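Quick notes on the structure that follows.
FYI, it's all coordinate maths here, none of it is from the lab. In this text, all values refer to a predicted model and were calculated from it rather than measured experimentally. We place every Cβ from the backbone using ideal geometry, glycine too, and count neighbours over all the protein chains shown.
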Amino acid sequence: MQTNEICWSCKGPLNEGFFCPTCGTLRRPFALSPFKFFALPFAFNLNLNTLEERYLDLQKQFHPDKFVTKTSQEQMNALSWGGFLNDSYNKLKKPVERACLLLAEQGIHDVLEEKPTPDMMMKQFELREQLEESEQLDDLLIEVQDDIANLESGLVESFDSSNFEKAKKQTLELQFLSKFTRDIKRKMRQLKTN
Ligand SMILES: [Zn+2]
């Protein structure tokens, strides 16, 4: 977090907190990694209970009700922080987006825009074919969910060992399989209603 800035309200020096240590007003939003915002380690293997707890705690800190008697600037700051909170929470919760955030920390951007490797394309083609041809999708769903679980533990390893090239490929694959899971479930619902 930036520490060389001054408070917009009293011009006093700021520390690493969200509130000015001198006058107690809420700071304007500043660039911050969602991991730092939630005081979580930069790791793929995230404790979702801790994330949830900190989310509720931060939600209280930035709740609009706490700022009704404050200046409009501070109310606006609270709304911006609240928006950043929800956005960060939703990203960290989703494995694909969490992986993208970690890769971005390494200067690796636009991972989801990359083209799949020929191997991945072949596998994706086969899966789509199975989805189209089969009316018994339970087994396919279980298979894909197993693959997702394996990819997620693979991502933990890749990030732990700083193998970001591998993490990039796994993230791309995970993105495909997450979407594909939704496609399977959609078709299962359609088959039920027909
Ligand atoms: Zn101040």
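Values as computed for the structure displayed
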| quantity | calculated |
| --- | --- |
| Where labels lie 7 Å past Cα in the beta-carbon direction, separation of Gln61 and Gln124 in nm | 3.9 |
| Distribution of pairwise C-alpha distances over the range 130-194, 10 Å bins, in % | 21, 43, 23, 12, 2 |
| Kirkwood Rh in Å, taken over the range 34-103 so that all alpha-carbon pairs contribute | 12.8 |
| Descending semi-axes in Å of the chain, equivalent ellipsoid built from Cα gyration tensor | 42, 20, 13 |
| Fewest-first sequence of Leu112, Leu56 by Cβ atoms within 10 Å of each Cβ | Leu56, Leu112 |
| Those lysines that a straight Cα-Cα span of less than 25 Å connects to Lys168, excepting residues fewer than 8 apart in one chain | Lys36, Lys91, Lys93, Lys94, Lys115, Lys123, Lys179 |
| Full-stretch length increase - Ala31, Lys115 - with 0.36 nm per residue and alpha-carbon distance subtracted | 27.3 nm |
| Top positive-direction residue, dipole computed over the range 111-193 with Cβ charges, set Gln130, Leu191, Asn150 | Leu191 |
| Ser33, Ser88, Ser161, Ser9 arranged by Cβ crowding within 10 Å, fewest neighbours leading | Ser161, Ser33, Ser9, Ser88 |
| Sum of -39500 (n - 2.57) over DSSP H runs of 4+, divided by residues of the chain (222 nm, nearest 500) | -21000 deg cm²/dmol |
| Inter-label distance, nm, simple model (7 Å from Cα along the C-beta direction), Ile6/Glu165 | 5.0 |
| Packing-based ranking, highest mean first, of 95-106, 19-30 given that Cβ atoms within 10 Å are counted | 95-106, 19-30 |
| Dipole magnitude of the range 111-193, debye to nearest 20 (Cβ charges: Lys/Arg +1, Asp/Glu -1, about Cα centre) | 440 |
| Contact order relative to length of the chain, as percent, for alpha carbon pairs under 8 angstrom and 6 or more apart | 17 |
| Thr71, Thr181 arranged by Cβ crowding within 10 Å, fewest neighbours leading | Thr71, Thr181 |
